[in-house]
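Computed from the coordinates by the stated procedures, all read-outs in this text should not be read as laboratory data. None of the values given here were measured: they were computed from a predicted structure. Using ideal geometry, Cβ is built from the backbone for each residue, glycine included, and neighbour counts are taken over all protein chains shown.
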Protein chains: 2
Amino acid sequence: MIIIMTMNKTISSMRSKKGILVVVSGFSGAGKGTVMKRLLQKYDNYALSISMATRSPRPGEVDGRDYFFVSRDAFEEKIAEGGFVEYAQYCGNYYGTPKAYVEQQLEAGKDVILEIEIQGALKIKEKFETALLVFVMPPSVEELERRLIGRGTETPEVIRQRLSRADEEAEGIENYDYIVINNQLDACVEELNQLIITAHNAPIRNKEFIQSIKEDLKQLSKGE
Amino acid sequence: MIIIMTMNKTISSMRSKKGILVVVSGFSGAGKGTVMKRLLQKYDNYALSISMATRSPRPGEVDGRDYFFVSRDAFEEKIAEGGFVEYAQYCGNYYGTPKAYVEQQLEAGKDVILEIEIQGALKIKEKFETALLVFVMPPSVEELERRLIGRGTETPEVIRQRLSRADEEAEGIENYDYIVINNQLDACVEELNQLIITAHNAPIRNKEFIQSIKEDLKQLSKGE
C-alpha cells in the first residue's frame with residue numbers, strides 16, 4: 001500500500017498559506033480609516049497597502065503614510081512598467097496601487113488591506129478574483145446624513161458632490177462580499193478580522209488544495 | 001428638516017432578521033453528523049432540517065430524528081403539493097427536504113441546517129440563492145482513505161462505490177461557499193458557527209436593507 005504511505009499528510013497543512021487581498025470601501029464618514037488603523041495595531045498578519053498619488057500633500061498628510069507622493073512623470077513611468085495593481089485619474093491627478101508591495105506581502109502570507117473607492121475596488125476584483133471586498137457602513141442613517149450633508153455649513157455644491165458620490169457607492173454595494181457596520185470600533189475591528197479569517201476557507205482561495213484532493217482520490221481509484 | 005427626523009434609525013436595526021439556510025455536505029467519514037449535533041447543542045439559534053424518506057428505517061434509526069419515514073404514496077402526494085425544497089430518488093427510494101419546516105424556521109430567524117449530498121445541495125442553491133453551502137473535510141488524506149477504503153474488510157464493490165461517490169463530491173467542491181476541516185471537533189464547530197454568523201453580512205442576504213439605504217440617499221438628494 002505505497003500510495004497510502006506517501007499520502008500521510010494533514011489536510012490543513014495542504015491549504016494555501018498565501019495572504020489575501022482585502023479591499024475596504026465605504027461611505028465617506030463610515031470610519032474606515034480608524035477601523036483599519038486599529039486592525040493593523042491589533043494583529044500582525046496584516047499589511048496596509050499605501051496608494052501612490054501625483055497630487056500635492058494636503059496639510060497634515062505624510063509621504064509614505066497617507067500616500068506616496070510622486071511626480072506625474074514618475075507615475076507614468078510606473079504605469080508603462082506595469083507597476084500598478086490598478087490606477088485611475090481624478091481631477092487631473094493619478095492615484096494607483098503599487099503592485100510590488102502587494103505581491104510581496106501576499107507571498108509572505110500577509111493579508112493586504114487596501115482602502116479604495118468603488119471603481120478601483122471593481123478593477124481589483126477583475127484582476128484578483130480572490131480579492132475580498134468589504135463595505136463599511138456608518139452606524140445609522142442619521143449619521144450617514146450628517147456626514148454627507150454636514151450641519152448647514154457646507155456649500156450646496158459640496159453637498160451635491162458628496163450625495164452623488166454616495167449614490168454611486170450605494171449602487172455598487174452588491175459587488176462587495178460583505179457589509180460591516182461600524183457601530184462600535186472594537187466590535188467592528190473584530191468582525192472585519194473574523195471575516196478575513198473566514199474568507200481564507202472559500203474554495204476560490206484554495207484551488208491548488210482542492211486540485212490535490214482530487215488527484216489523491218484519482219490515485220486511490222487507480223491503486224485500489 | 002423633516003426628512004432627517006424620520007430617518008433616525010440605526011443601520012444595524014434595519015438588517016435582515018431572517019435566518020439563512022445552511023447546507024452541509026462532505027466526504028463520507030468527515031464527521032458531519034457529529035459536528036452538527038454539537039453545533040445544535042451549543043447554540044440555540046439553529047434548527048436542524050430532517051429529511052423525509054420512503055425507505056425502511058435501518059437498525060438504530062429513529063423516525064423523526066434520522067428521517068421522517070413515510071410511504072411512497074404520502075411522499076408523492078407531498079411532491080404534488082409542492083411540499084419539498086428539493087427531492088431526489090436513490091436506489092428506488094425517495095428522499096426530500098420538507099419545505100414548511102424550513103420556511104417557518106427561517107421566518108422565525110433561525111438558521112436552518114441541512115445535511116445533504118452534493119446533488120441536493122446544488123438544487124438548493126438554485127432555488128435559494130442566499131443558501132450557504134459548507135463542505136466538511138476529514139483532518140487528513142490518510143483518514144479520508146481509511147474511511148473510503150476501509151481496513152481491507154470491505155468488498156471491492158463497496159470500495160468502488162465509495163470512491164466513485166467521493167470523486168463526484170470532490171468535483172463539486174467549487175460550488176460550495178466554504179470548506180471546513182474537521183481537525184478537532186470543538187474548533188470545527190466554532191469555525192462553522194463563525195462562518196454562518198459572517199454569512200449574514202453578505203449583500204446577497206441583505207437586499208432589502210441595501211435597497212432602503214439607496215432610497216434614503218435618493219430622498220436626501222431630493223430634499224437637499
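Dividing the C-alpha radius of gyration of the range B:44-90 by 2.2 N^0.38 Å, with N its residue count, gives 1.25. With the convex hull drawn over the C-alpha atoms of the range A:103-144, the volume per residue is 92 Å³.
The GluC sites (Glu not before Pro) found in the range A:17-111 that occupy coil by DSSP, while having at most 14 further C-beta atoms within 10 Å, are A:E61, A:E81.
Using a/c under 1.5 as the rounded threshold, could you call the range A:54-117 rounded, prolate or oblate? The axes a ≥ b ≥ c are square roots of the C-alpha gyration tensor eigenvalues, and prolate needs a/b larger than b/c, oblate otherwise. Walk me through the intermediate numbers first.
On the way: a/c = 2.01, a/b = 1.34, b/c = 1.50.
Judged from the Cα gyration tensor, the range A:54-117 comes out oblate (a/c at least 1.5, b/c at or above a/b).
Between the listed residues B:I118, A:G109, A:I124, the Cα displaced farthest toward the positive end of the dipole of the protein assembly as shown, a dipole computed from Cβ unit charges relative to the Cα centre, is found at A:G109.
Translational diffusion coefficient of the range A:18-106 at 37 °C, 0.692 mPa s, Stokes-Einstein with Kirkwood Rh over Cα pairs, in µm²/s as a whole number. Working shown, then result.
Values: Rh = 14.3 Å.
D, rounded to a whole number, is 229 µm²/s.
Here the scattering of the protein assembly as shown is modelled by Debye summation over its C-alpha atoms, one equal scatterer each and no solvent; at q = 0.07 Å⁻¹ the log10 of I(q)/I(0) is -0.45.
Over all pairs of different C-alpha atoms in chain A, the reciprocal of the mean inverse distance, the Kirkwood hydrodynamic radius, equals 19.8 Å.
Residues whose amide H lies under 5 Å from that of A:Y67, counting only those 5 or more places away or on a different chain, are A:V62; hydrogens are built 1.01 Å from N in the peptide plane. Only helices reaching 18 angstrom along their own axis (Cα) with mean Kyte-Doolittle hydropathy no lower than -0.5 count here, and for the DSSP H runs of chain A these are A:185-199.
Amide H to amide H, with H built 1.01 Å from N, B:A47 comes under 5 Å of B:D111, B:V112, B:I113, counting only residues 5 or more places away or on other chains. Only Cα sites of the range A:157-201 enter the Debye sum here, all with the same form factor; the resulting log10 I(q)/I(0) across q = 0.18, 0.25 1/Å is -0.71, -0.89, listed in q order. For the range B:118-176, taking the reciprocal of the average inverse distance between every pair of different Cα atoms yields a Kirkwood hydrodynamic radius of 13.0 Å. Which stretch or stretches of the range B:76-112 have amide N atoms under 19 Å from the point lying 7 Å from A:Q194's Cα along the Cα→Cβ direction? Answer for the range B:76-112: B:109-112. Inter-label distance, B:E129 to A:K207: 2.4 nm, where each label sits 7 Å from its Cα along the C-beta direction. Shielding of peptide A:210-219 by partners, expressed as the average count of other chain Cβ atoms within 10 Å per residue Cβ, is 5. Electrostatic bookkeeping for B:E86 treats Lys and Arg as +1 and Asp and Glu as -1; over the other residues with beta carbon under 12 Å from its beta carbon, the sum is +2. Exceedance of the 32 Å cut-off in Cα-Cα distance is limited, within the set A:K127/B:K42; A:K18/B:K127; A:K110/B:K18; A:K110/B:K110; A:K214/B:K127; B:K123/B:K218, to A:K127/B:K42; A:K18/B:K127; A:K110/B:K18; A:K110/B:K110; B:K123/B:K218.
Counting only helical runs of four or more DSSP H residues, what would the 222 nm mean residue ellipticity of chain A come to if each run contributes -39,500 (n - 2.57) and the total is spread over all its residues? If you can, show how the numbers build up before the last one.
Numbers: 9 runs with 101 residues, N = 224.
Result for chain A, helices only: -13500 deg cm²/dmol.
Summing Lys, Arg as +1 and Asp, Glu as -1, what charge do residues with Cβ under 12 Å from the Cβ of A:S71 carry, A:S71 excluded? Can you show the working numbers first?
On the way: positive: A:R55, A:R72, A:K78; negative: A:D73, A:E76, A:E77.
Summing Lys and Arg as +1 and Asp and Glu as -1 gives 0.
Inter-chain Cβ neighbour count for B:178-186, averaged per residue, equals 3 (cutoff 10 Å, partner chain atoms only).
Would you mind working out the magnitude of the charge dipole of the range A:14-93 relative to its Cα centre, with +1 at each Lys and Arg C-beta and -1 at each Asp and Glu C-beta, to the nearest 20 Debye? Walk me through the intermediate numbers first.
Values: 12 positive and 9 negative charges, 119 e Å.
Computed charge dipole of the range A:14-93: roughly 580 debye.
Shielding of peptide B:154-160 by partners, expressed as the average count of other chain Cβ atoms within 10 Å per residue Cβ, is 1.
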